[in-house]
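For reference, the structure discussed in these notes is given below.
The values are calculated or read from the model by the stated rules, or taken from the named source; none is laboratory data. Remember, it's a predicted structure, so these values are computed and weren't measured experimentally. Cβ: placed from backbone, ideal geometry, glycine included. Neighbour counts: every protein chain shown.
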2 protein chains.
Amino acid sequence: MTGKQFSSVWMREPRPARTPGRSREEIVRAAMELLDAEGLDGLSMRKLGAKLDAGATSLYWYVANKHELLELVYDEIWGEMTVPPPEETKWWRQTARAFALSMREVILRHPWSAGLIGRTPALGPNALEVAGRLSRAFKGAGFRGLEIDYAASTLTAFVLGTTIPEVAYNEAMAEDPLDEESMRAAVERASAGHPDLLERLRESKPADTTEVREMMFAFGLAAVLDGLEARLTT
Amino acid sequence: MTGKQFSSVWMREPRPARTPGRSREEIVRAAMELLDAEGLDGLSMRKLGAKLDAGATSLYWYVANKHELLELVYDEIWGEMTVPPPEETKWWRQTARAFALSMREVILRHPWSAGLIGRTPALGPNALEVAGRLSRAFKGAGFRGLEIDYAASTLTAFVLGTTIPEVAYNEAMAEDPLDEESMRAAVERASAGHPDLLERLRESKPADTTEVREMMFAFGLAAVLDGLEARLTT
DNA sequence: ACCTGAACACCGTTCAAGT
DNA sequence: ACCTGAACACCGTTCAAGT
C-alpha cells in the first residue's frame, strides 16, 4: 500500500566486525534471551539497550532498525533446525519427518518465533542452508523441477500451520493450568449450537491436550507424506 | 510466563445493544475498513476513534481492550469463508477443496488477517460455524472420533501455512513491482552457495510468481487430500 | 569509530469528570 | 448510559553532539 522499498539485512554488507565495542553476535544473543524470557512484545530497543548496558539508541549503529534485528534473530531459529543429510537416512520420508519434528520442536521452544516464521522473508544463511538441504532431499526422492519446491513448501506449510495455533493456545493458557478448565467450559458453552463439535470436545479429557496435539501432528504429517509420495508415482 | 488469565470477548455477555450511541457492529465495520486500508499496524484505538468521530477512548465502553476488538474483526474473517453444505457437493473432497480455496482467498483479500489467524483463539460464532461444517464434512467422509478433527486441522494447517508466507511476500513487495527484480537479484546472490536453490530460481521467471503460487497451492492441496483419503481406507 | 540524550510522533489504557 | 480529556507508561527512530 505504502510505496515502501523492499529491504532486508541480508542485502546490505554487514559492517566490518572490528569488535572494539559491541558486536552483532552479542546483540543478537541478548535479543534472543530477551525474546525467550519475555516474548515478542517484550523485546524493545530500549530494554535490549539496557540489557547490554548501553544507551537506548546505541544499537542503531549496528542495525538499521528493529526489523533488521528481527531478521537476524529469525535466522538463528533456522539454525536450530536439523535436516539430516541424506547419507544418514534410509529414504526421503525419514529426512522429511525428522525435519518436520525438529521444526515444530524449535518453534515450541522459542514461541516468539511463531510470530516471525513465515512472516519475515527467510533469506539468512541458516534459512538458505535448510532450504538447500530440503531441496536435495526432495530431489533425491524423485521430484523434479518446480515440484521439488512445491513438495518442500507443502511440508513446511503443514508444520507452520499446525504449530502456530499450538503456540497461540499455549500463550492463551499463559502457564495457568487452572484456566484450562474455565476455557474448556467456555468453549463448550460457545459450541452449544454445534453438536458435532461438542461430541468431540467430550472425547478428549482436559489433561491430554499435549498428547492429543502430538497425535494430531503425527496424523497430519503421515497424511502429508503419503500425499507427497502419491505425487511421485503418478 | 506472566500469570495472566485467559479471557476472550466470547466469554463475556455482550452489553445489551440499546443503540442510542455507537454499536459494536458499527465499530467492527469501521475497524475492518481501517484494517483493509492500512493493515494490522494501521489500526489504533485513536485512529479508529477519529474515524467514528469519537474521542480516542470512547471505544472502551464497547470493548474491554484492543485484543477484544481484534477478536471481533477476526470472527468476521471466518464469516467470509464458505464451506459448501454436503448436499451441494458430490463428495467430501469437493467440500474440502472449496473450503481451502475460499480460506486462501479470504486471507489474501484481507492480508491483515494473516497476523490474526491461528494466533487468536477462534471461538466466535462464525469460526464455530465453519468448524462445525468442516466437522460434518469429514465425518461424512468416513473419519471417526478425534480423527475428524485431525483431518480438518491438517487441511486448515496447510492453507494457513501456505498463505501466511504468500501474504508476507506480497507485503514485502509492497505493491512495487520494480522491486521484484531487485529482490530476485538479492536472493540469487544470497543463494550463491546453494546450487540446488539457484537452479530452481532460474526456472521461474519473475512475472509468474502469482501463477507459480497458484500451482504450488494446487499441488499441495491435492497432496494433502490424497494423504487424508489414504488414512480413510487403511 | 562508536555512543549518548533529548526530542518527536506515536502507542494502549485508566480514570475522574462531565452530560 | 454514554462520552470526554488529561495523564501515565510505554514505543521506534532521528539527529546533533560528544569522545
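Quick notes on this one:
- Among the conditions (1) crowded, with 18+ Cβ neighbours inside 10 Å; (2) assigned by TED's automatic domain parsing to the domain that holds residue A:41, the only one that residue A:66 does not satisfy is (1).
- Selection over the stretch A:135-148 of residues that are surrounded by 24 or more Cβ atoms within 10 Å (Cβ to Cβ) and either within 7 Å of chain B (Cβ to nearest Cβ) or over 13 Å from residue B:199 (Cβ atoms) (or both) gives a count of 2.
- Every condition in (1) modelled with pLDDT of 95 or more; (2) more than 12 Å from the chain's Cα centre (by Cα); (3) among the acidic types (Asp, Glu) holds for residue B:176 except the one numbered (1).
- The lone criterion from (1) at pLDDT 80 or above; (2) over 29 Å from the mean Cα position of the chain (by Cα) left unmet by residue B:234 is number (1).
- Failed condition for residue B:215, given (1) modelled with pLDDT of 95 or more; (2) closer than 30 Å to residue A:169 by Cα; (3) surrounded by fewer than 19 Cβ atoms within 10 Å (Cβ to Cβ): (2)
- The number of residues in the stretch A:104-134 that are part of a helix (DSSP H, G or I) and within 7 Å of another protein chain (Cβ to nearest Cβ) comes to 3.
- The residue that is farthest from DNA strand C (Cβ to nearest atom), among those in the stretch B:41-53 that are crowded, with 16+ Cβ neighbours inside 10 Å and either closer than 19 Å to residue B:111 by Cα or at pLDDT below 95 (or both), is B:48.
- Where helices (runs of 4 or more DSSP H) sit wholly within the stretch A:17-101, those with at least 3 residues that are within 16 Å of DNA strand D (Cβ to nearest atom) and within 14 Å of chain B (Cβ to nearest Cβ) occupy A:24-38, A:66-79.
- Among the residues of the stretch A:180-211, the ones that are modelled with pLDDT of 80 or more and more than 7 Å from chain B (Cβ to nearest Cβ) come to 14 in all.
- Any hit, the stretch A:131-141, residues being in contact with a Gly (Cβ under 9 Å, 6 or more places away or on another chain) and under 28 Å from residue B:114 (Cβ atoms): yes
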